[in-house]
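Accompanying notes for the structure given below.
The values are calculated or read from the model by the stated rules, or taken from the named source; none is laboratory data. Because the structure is predicted, anything quoted here is derived from the model rather than measured. Glycine gets a Cβ as well: all are built from the backbone with ideal geometry, and neighbour counts include every protein chain shown. Areas reflect the complete protein model, heavy atoms only, side chains present, ligands, DNA and RNA absent. Shrake-Rupley method; radii C 1.70, N 1.55, O 1.52, S 1.80 Å.
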There are 2 protein chains.
Amino acid sequence: MKKLINDVDTIISESLDGFVAAHGDIVTLGADHKFVRRKTLKQGKVALISGGGSGHEPLHAGFVGHGMLDAACPGQIFTSPTPDQMAAAALAVDTGAGVLYIVKNYEGDVMNFEMAAELASGPTARVLTTDDVAVETSTYSTGRRGVAGTLVVEKMLGAAAEQGSDLAACRALGDRVNQATRSIGVALTSCTVPAAGTPTFKIGDSEMEFGVGIHGEPGRRRVALAAARPLAEEMVESITRDLESTTGECLLLVNGFGGTPMIELYLMYDNLRDAFAKRGLAIARSLVGNFVTSLDMAGCSATITLLDDELARLWDAPVHTAALRWRM
Amino acid sequence: MKKLINDVDTIISESLDGFVAAHGDIVTLGADHKFVRRKTLKQGKVALISGGGSGHEPLHAGFVGHGMLDAACPGQIFTSPTPDQMAAAALAVDTGAGVLYIVKNYEGDVMNFEMAAELASGPTARVLTTDDVAVETSTYSTGRRGVAGTLVVEKMLGAAAEQGSDLAACRALGDRVNQATRSIGVALTSCTVPAAGTPTFKIGDSEMEFGVGIHGEPGRRRVALAAARPLAEEMVESITRDLESTTGECLLLVNGFGGTPMIELYLMYDNLRDAFAKRGLAIARSLVGNFVTSLDMAGCSATITLLDDELARLWDAPVHTAALRWRM
């Protein structure tokens, strides 16, 4: 294992110290590294909190700030944060309009956010993200996994909360965005979890994992390494087969898992865009980059969200976080 | 070699097609993929053009836009663009105040930009970046290499040009920023150039290349894999030993080479910041991410720029490009 670290036990705390020092205009750190919170809270706004295992950076701390999250709770690598962390975050950022938890659908996360909600003194609600079409149940999840589409939910909900939507409206919107969102991923290499020290899974030089999860967990099947264009076709086919309709406009997020260079991500974006267009889906909004990663895993995912005027407007709304910034 | 590509010969063109499609609000593409240019030019502004081999994305095309570059010329991977490309870009973006080329100090780039300047009909000037303290001459360069500090030069010059500085003032400022800037890099793994198909260099499981170049070219020496904190100490020592003064404020850019996750880059930022502070350098501005990459190489570089009020103000000025955005 070759990593820029000191001690496996201090990776998260040192990295968080660096993160808040680098982005001190946007975020501050909770006591004992329990959470990263927005520096300046907006009174009376629904507080949006997400979190999950570390190793997916910039998700979630990179999305804390104006127009997106109020707090993010980082667990150990690929391990859910504790209810105690989530409750402390809620206490810190609830300004009277209640707390909405945005939770990726993994059993540990779901359970711990439920316990946190029980600890809360004020009103809470939850949006569960389940955008991964690869498999119906998986290593850590019952039901579909929440993956890169979580970014889209966080962005659109962030805009709505910023604009004054109440807790019930935010929850309903979050469910609606999640329903409009589908993802599929492919891995060329495994990630290596520092505490394990060896790759999570073995994969041959001429193999890919189609439908891989963001923890390197198995997807649909192990397939032969394909060129980008037929791979893009298969990814798009997996997504569109799952949609009732493939007309209209959509947002396309091409997300790198951490080990794949931008030159390949933009090439995949080009090929995916063509494949979606052939099926009648026009790409009206785009995002390309490493946003929901799996440590050093090579590969990428495609996420689409079917847009209507409201969702497009929420996507376009100003955002100012460490990892996403526009119109401010 | 495991890469998301179709054909080695079409990687650049397909990736550029994706890039301009994803960022059509900011850039357009020149004929025959010769250059990426700013969509909306500002009349009478000095035109800033950079370029170089591909494989360092988002450098340079990712820095085309308001407050930074007017055009970027992408060569083949790790290969200089041609004078023809640079001349075509100059013709497209010169709005009457002349053209300033920002050139990383590699022999091919220097020669080709010189030839492009000879082809130009209007006034031209050049800023050469030479920020890498690792070695005095290298595989592709006579004199110090230009590496991640090029981003800082492009950002500050971009702000000055946007604010109306003329060609001579821009050139002088560019030289001043380059003089105030130092970088050092370290690689944990090699990159793999698609046309070669195998890693550029061999490196053992417990080795690092200290002072590596952004093409995977040799640095100062091959050393044993170190923990992040002693590594940060050695990187900072290499930089500060090269400075006349280590008091005052500086910008710290922690740049990933492509294969290292953000969690490690922020950890390195934390450790580097401590090491600079011990030597009297306070970090007043920060940037952490994959900006000047070497395809899929694991590792990172540290860049500092000594700031005065003018340089800090130019760094803070609005920028709107694919890869850097703030205050607009």
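Brief remarks on what is shown
- For the stretch A:181-326, the residue among A:L272, A:P261, A:S286 whose Cα projects farthest onto the positive side of the dipole built from Cβ charges is A:P261.
- J(HN,Hα) series, the stretch B:37-49, from Karplus relation 6.51 cos²θ - 1.76 cosθ + 1.60, nearest Hz, glycine and proline x: 10, 5, 5, 10, 7, 9, 4, x, 8, 4, 8, 9, 10
- For the stretch B:111-264, a simple Cβ point-charge model (Lys and Arg +1, Asp and Glu -1, everything else neutral) yields a dipole of about 160 debye relative to the Cα centre.
- Test item: Cα-centred dipole of the protein assembly as shown, Lys/Arg +1 and Asp/Glu -1 on Cβ, debye: 500
- Neighbour-limited loop hits for GluC sites (Glu not before Pro), the stretch A:186-263 (at most 14 other Cβ within 10 Å; DSSP other than H, G, I, E, B): A:E244
- For the stretch A:11-179: accessible area per residue (Å², 1.4 Å): 32
- Mean shadow area of the stretch A:203-328 over all directions, Cα convex hull, nm²: 8.3
- Structure-based [θ]222 nm, chain A - -39500 (n - 2.57) summed over DSSP H runs of at least 4, per residue, nearest 500: -9500 deg cm²/dmol
- Relative intensity, log₁₀ I(q)/I(0), of the stretch A:50-165 from a Debye sum that treats every alpha carbon as a point, q = 0.10, 0.14 Å⁻¹: -0.26, -0.52
- Put simply, the amide H of B:S294, placed in the peptide plane, has neighbours under 5 Å in B:G258, leaving out anything fewer than 5 places away on its chain.
- Kirkwood hydrodynamic radius (C-alpha pairs) into Stokes-Einstein, chain B, 10 °C and 1.306 mPa s, D in µm²/s: 81
- Cα-based Kirkwood hydrodynamic radius, the stretch B:26-99, one decimal, Å: 11.8
- Averaged over peptide A:5-11, the number of partner chain Cβ atoms lying within 10 Å of each residue's Cβ comes to 4.
- Gap separating the Cα centres of the stretch A:1-47 and the stretch B:182-214, nearest whole Å: 30
- As computed over the stretch A:152-272, the Cα convex hull volume per residue (Å³): 154
- DSSP assigns beta bridges within the stretch A:181-326; of those with both partners inside it, close to 70 percent run antiparallel.
- Extents of the protein assembly as shown, taken as max minus min of Cα coordinates on every principal axis and listed largest first, are 68, 56, 48 Å.
- Pairs exceeding a 26 Å alpha-carbon distance, out of A:K34/A:K155; A:K2/B:K2; B:K39/B:K104; A:K34/A:K202; A:K3/B:K2: A:K34/A:K202.
- Whole-angstrom gap from the stretch A:63-135 to the stretch A:255-328, using each part's C-alpha centre: 23
- For the stretch A:5-106, the list of trypsin sites (Lys or Arg not before Pro) that fall in a loop by DSSP and count at most 16 other C-beta atoms within 10 angstrom reads A:K39, A:K42.
- Long-range HN-HN contacts of B:H66 with modeled amide H, under 5 Å: B:H320
- Trypsin sites (Lys or Arg not before Pro) restricted to DSSP loop in the stretch B:167-248 with at most 16 other C-beta within 10 Å: B:K202, B:R220, B:R241
- Taking amide H as placed 1.01 Å from N in the peptide plane, A:N6 has its amide H under 5 Å from the amide H of B:A228, each at least 5 places away in sequence or on another chain.
- ³J(HN,Hα) computed for each position of the stretch A:286-298 - Karplus, 6.51 cos²θ - 1.76 cosθ + 1.60, integer Hz, glycine/proline x: 9, 8, 10, x, 8, 10, 10, 9, 10, 6, 9, 5, 8
- When its C-alpha radius of gyration is set against 2.2 N^0.38 Å (N residues), the stretch A:89-223 gives a value of 1.21.
- Taking label positions 7 Å along the Cα-Cβ direction at both B:D9 and A:K278, the computed distance is 2.2 nm, reported to one decimal.
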